[in-house]
Amino acid sequence: MNFSKMLSLALGVACAGGLACGPQSAWASGDGVGILQGNQPGSFLVFPKFDIRGDTTTQIRIVNNGWDDVNVKLNYVCPGIKNVNQFCAALDRMVSLTPHQTRVIDVVDQNPPCNQGFVVAYALKEDSSHTAASFNHLTGSYAINSGRRVESDNAIGIQSPKPYGEALGSNGMLRFGGSATNGATDGNGADYVGLPSKLYTDFRAITPGEEGVTADQGSVLTLLTLDTLAGQQNPAALAFVDFWNAAEEPFSSSVEFICWTEKQLDAIDANFLEENLGTTYGSMKITPAANCPIPGGCPPMIPFDATMLGAISEYGDGDTAGRTLLHNDCEKSTQYMPR
């Protein structure tokens, strides 16, 4: 599938000027599910990262909080490299859960085609079709042990507005958000709720270690996009990064990546170094932006306007702590091509 085909499928629509952006305005009817909410069970889980480099280990947990058996498909998705190899390798696996069962999965045992990336898990129909289904009873978490204290956080749960057990992904794509999929705002065209249009977090500035030594303390940013053709070529996603120090002085930068990335903050911009930022802590806003799939190709090519999710890790004093990025409630729609 070429970039043009992908762009016609992965439609990212930001909120238009003058339109309200809130949970009540996303879908006018239905059960009130219209935009991604935090810490809720869902039919689709996103684990923002796994890391199995060297002695680092990653375990993910998936819990069936429902009263029925469920099969869950997992996609392990790898990053590509811009202008080198924009292929995002992927691996799919399936697990079965009985009611209220917890499955613990050691990622290295799954043999993913890369040492870092992200994982999605989604409920399937109770038959042999392996078709995605509405089953808003899945929760999960992940834990990464890198020799420091274990870093762990909840998976991002994404709900489906469809009736319980209904098949999803009628065209082979899983659709997030209603307004961009069929021109309506009632959720009829969506398999899952819409994704946010902006991400937010606070951060700890980077304090360099001795020359040639990893920084003593700081933050690492993880970003991913579900506007992904897993196991195929993908264009580069672009985000504008606005950040402020604790005294409210503004800075700006940008970041590009193929499917998934993890960067120490000063690799994005040198002003994330504490000596340049001027304070130890700050705040950040990440805004996905339209990007030309091939340099110089716009027009006639349609810009690639990706949705994004992510996490941030802070390290120092011998330990690491991580958390999922906060987000707004302004719907942005897309489609994910599962394995």
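Since every read-out is calculated from the coordinates, none of them should be taken as a lab result. All of these numbers come straight from a predicted model, not from anything done at the bench. Heads up, the Cβs are rebuilt from the backbone with ideal geometry, glycines too, and the neighbour counts pull from every protein chain shown.
Mind giving me the FRET efficiency for T98 and R339? R0 is 25 Å, r the Cβ-Cβ distance, nearest 0.05 is fine. Let's see the in-between values first.
On the way: r = 24 Å, r/R0 = 0.97.
With R0 = 25 Å, the Cβ-Cβ based efficiency is 0.55.
Any chance you could run the full-extension gain for V150 through D317? It's 0.36 nm times the residue separation minus the Cα-Cα distance, nm to one decimal. Each step should come with its number before you reach the end.
Values: separation 167, 0.36 × 167 = 60.12 nm, distance 1.35 nm.
Roughly 58.8 nm would be gained on extension.
Taking amide H atoms as placed 1.01 Å from N in the peptide plane, list the residues 5 or more away in sequence, or in a different chain, whose amide H sits under 5 Å from that of G282.
Result for G282 returns F203, A205.
Modelling each spin label as a point 7 Å along the Cα-to-Cβ direction, I'd like the Q232/K82 distance in nm, to one decimal.
Going by the 7 Å Cα→Cβ label model, 2.2 nm.
Determine the gain in length on full extension of the stretch T279-T207; use 0.36 nm per residue of separation and subtract their C-alpha separation, reporting nm with one decimal. Could the numbers behind the result be given before it?
Numbers: separation 72, 0.36 × 72 = 25.92 nm, distance 1.06 nm.
Between T279 and T207, full extension yields an extra 24.9 nm.
Give me K332, K49, K125 ranked fewest to most by other Cβ atoms within 10 Å of their Cβ, as a rough exposure proxy. Don't jump to the answer; show the numbers that get you there.
Details: K332 29, K49 24, K125 18.
With the fewest neighbours first, K332, K49, K125 line up as K125, K49, K332.
Given Cα pairs under 8 Å that are at least 6 residues apart, what percent is the relative contact order of the range 66-150?
Details: 119 pairs, mean separation 27.6, N = 85.
Relative contact order comes out at 33 percent.
Please report the relative contact order for the range 199-336, taking Cα pairs under 8 Å with a sequence separation of at least 6, and give it as a percent rounded to a whole number.
On the way: 301 pairs, mean separation 47.9, N = 138.
This gives 35 percent for the range 199-336.
What list of ³J(HN,Hα) couplings, whole Hz, do you get for the range 318-335 from phi and the Karplus terms 6.51, -1.76, 1.60, once you set θ to phi - 60° and write x for glycine and proline?
Listing the rounded values in order: x, 9, 9, 9, x, 7, 6, 5, 6, 8, 8, 10, 9, 5, 10, 10, 7, 9 Hz.
Among K285, K198, what is the fewest-to-most ranking by other Cβ atoms within 10 Å? All intermediate terms of the calculation are to be shown ahead of the outcome.
Working: K285 17, K198 22.
Going from least to most buried by this count: K285, K198.
Once the Cβ-Cβ distance between A247 and W67 is put in as r, and R0 is 51 Å, what FRET efficiency do you end up with, to the nearest 0.05? Don't skip to the answer; put the middle values down first.
Details: r = 53 Å, r/R0 = 1.04.
The computed FRET efficiency comes out at 0.45.
Using 0.36 nm times the number of residues separating T131 and A267, minus their current alpha carbon distance, what extension gain do you get?
Working: separation 136, 0.36 × 136 = 48.96 nm, distance 4.02 nm.
Here the answer is 44.9 nm.
Whose amide H sits under 5 Å from the amide H of C330, counting only residues 5 or more places off or on another chain, with H placed in the peptide plane?
S197, K198
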